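The values are calculated or read from the model by the stated rules, or taken from the named source; none is laboratory data. What you are looking at is a predicted structure, and each value in this text was computed from that prediction instead of being measured. Every residue, glycine among them, receives a Cβ derived from its backbone with ideal geometry; neighbour counts consider all protein chains shown.
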Amino acid sequence: MTKVSPEVVEEEMQMEAVLPVSADVSFKSNHFPKYRLGSDNQILEEPKEDNNGPSLKEVVEQETTQLSEQHKRLSVRDLACKFDKNLNAAAKLSEEAKLREVASLEGHVLLKKLRDALEHLRGRMAGRNKEDVEKAISMVEALAVKLTQKEGELIQEKFEVKKLANFLKQASEDAKKLVNQEKSFACAEIESARAVVQRIGEALDEQARITQASKEQSPDVEGLLEEVQEARRIKLLHQPSKMMEMEHELRALRTQIREKFMFSVKLQKELAISKRAEENKSRLYVLDGSAMLGSYLRIQVSSDEAPQLSKCSIQWYRVSLECSRDEVISGANKPTYAPEPLDVGRILQADICYNGQKATVMTPGPVDPAAGLRSHVETLMRKSNSEFNVTISQMNGQDYSSHSVHVFHVGKMRMKLCRGWITKAREIYCSSMQLCGYRGESNTAAKALFWQARKGLSFVLTFESERDRNAAITLARKYAHDCNVTLAGPDDQV
């Protein structure tokens, strides 16, 4: 016979007493209720939280948002009070986070005990009851995962609360500093206002004393005022007639001075013409041509006794009206010379040396500017680049064979000579660049200029008209001056 132990019988009876859990049962919630350990390791169910109202964190965030929206309308003291309230709320929220950490730790302990109990029970169950126990174990594990996730969220929330608390603490300190600063400013303003009020009071007292004193002297002052007004009236009666008489006299004097000046200029011109006529009779050479920009001056023989110009040495000079020093025009050693813009306002003189003797001819007066040249240059300066049609007469001192038309560009920063896509020279304004009128002997000297783009590269360019040549020289010199470069001829003293 088999001996049956009473413990085995009792265990089988307990297993039969465990009823299977139906799958159709609907639980009140999808997670286990929260428990806590009481005295003697008793499991107590925690009271349910009332989720109807907002959490403390939401209240703090809402207050912070309202504070940031209304900070322009709040006073400094109200702002400090708001920061203190939010700082206390943040401290309370930090305490609540600590309590949640303790509850989370207790939840982990409870879940571990529950899972150990279910594991022990699964070893004693069989069939469908065992499957239900395994489902319960999986639910416990899922609950543990959720609890871990909640702990992560709690840690993040704790970090944000700490960050917010630090921010509010710093803001509260700044607000207190601002309150103290505004208080000191207000005290200073009050003191200043008191000083102003005191000065105004003193000024009013002084004015009252002056008024009292003036009332005592009012009869004498009124008499003096009447005399002054009478004197002004008499002066106004006589002044207009005197002024009108003086104006008429001044007009008459100006008219007489103008007439005498015109008459003296006319006499000076007639005297200069008569002197030149007398001098020409005795002179060996004369200067033919008008002293004007765009003209052409030529030295001619006026006596049969004069040597031929081809056997003489010639040098042209610029003579300034302000000083007696003569400026040598380098390269101008031919019988002909075409004035350029640098010669305007100066007298041109030529010395003819022959057989150890010297004869001198000069223009009757300073070189006059060309009519309309100034307005033409001002029109060209409104453009960024001006173009002139030219032909190359010489290149590097040698006659140029081709007579094709080239384009001479004068820009604000550089000058360029090209024909179509072929560029002969393109240089920016620099100290090595030279530009002046052509100083050789040619019938087109008044239309030609000399341009040294750089050392070792020079051109003699002939323009379509004298006006274009003078405008190009004037324009280039103005642009070069803007670039701090003086543009002149060889050895010119500018």
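Assorted remarks:
Yes or no, residue by residue, for (1) within 15 Å of Val390 (Cα to Cα); (2) surrounded by fewer than 18 Cβ atoms within 10 Å (Cβ to Cβ):
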position: Ser432; (1), (2): no, yes
position: Arg439; (1), (2): no, no
position: Lys447; (1), (2): yes, no
position: Gln452; (1), (2): no, no
position: Arg477; (1), (2): no, no
position: His481; (1), (2): no, yes
position: Thr486; (1), (2): no, yes
position: Pro490; (1), (2): no, yes
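- Every condition in (1) at pLDDT below 70; (2) closer than 21 Å to Glu58 by Cβ holds for Lys169 except the one numbered (1).
- Lys158 meets the stated requirement of being of a type in the set (Lys, Arg) and over 30 Å from Glu119 (Cβ atoms).
- Options Ser386, Ser432: the member that is assigned to a loop (DSSP other than H, G, I, E, B) and under 42 Å from the mean Cα position of the chain (by Cα): Ser432
Residues are listed down the side, and each one gets a yes or a no for (1) at pLDDT 70 or above; (2) loosely packed, with under 14 Cβ neighbours inside 10 Å:
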site	(1), (2)
Leu79	no, no
Arg115	yes, no
Leu118	yes, no
Lys146	yes, yes
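- When region 396-424 is filtered for residues that are assigned to a strand (DSSP E or B), of a type in the set (A, V, I, L, M, F, W, C) and more than 22 Å from Leu342 (Cβ to Cβ), the ones remaining, listed by number, are Val405, Val407, Cys418, Ile422.
- Selection count, region 361-389, where residues are without any contact (Cβ under 8 Å) to a residue 60 or more places away in the chain and touching a Phe, Trp or Tyr at 6+ places or on another chain (Cβ under 9 Å): 1
- Selection status of Phe185, surrounded by 12 or more Cβ atoms within 10 Å (Cβ to Cβ), aromatic (Phe, Trp, Tyr) and either modelled with pLDDT of 80 or more or touching a helix residue (DSSP H, G or I) at 6+ places or on another chain (Cβ under 6 Å) (or both): no
- Of the numbered criteria (1) more than 20 Å from Gly489 (Cβ to Cβ); (2) at pLDDT 95 or above; (3) touching a helix residue (DSSP H, G or I) at 6+ places or on another chain (Cβ under 8 Å), the one Met381 fails is (2).
- Number of the condition not met by Gly331 [criteria: (1) farther than 17 Å from Ser290 by Cα; (2) touching a residue at least 24 places away in the same chain (Cβ under 8 Å); (3) within 42 Å of the chain's Cα centre (by Cα)]: (3)
- Residues of region 288-311 classified as in contact (Cβ under 8 Å) with a residue 24 or more places away in the chain, part of a loop (DSSP other than H, G, I, E, B) and among the charged types (D, E, K, R), total: 0
- For Glu427, the stated conditions do not hold, so it cannot be described as in contact with a Phe, Trp or Tyr (Cβ under 9 Å, 6 or more places away or on another chain) and outside the structural domain of Leu342 (by TED's automatic domain parsing).
Yes/no matrix, rows are residues, columns are (1) more than 21 Å from Val109 (Cβ to Cβ); (2) of a type outside the set (D, E, K, R); (3) free of Cβ contacts under 8 Å to residues at least 40 places away in the same chain; (4) in contact with a Pro (Cβ under 9 Å, 6 or more places away or on another chain):
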position: Lys130; (1), (2), (3), (4): yes, no, yes, no
position: Ala136; (1), (2), (3), (4): no, yes, yes, no
position: Val140; (1), (2), (3), (4): no, yes, no, no
position: Thr148; (1), (2), (3), (4): no, yes, yes, no
position: Lys158; (1), (2), (3), (4): no, no, no, no
position: Val161; (1), (2), (3), (4): yes, yes, no, no
position: Ala165; (1), (2), (3), (4): yes, yes, no, no
position: Ala171; (1), (2), (3), (4): yes, yes, no, no
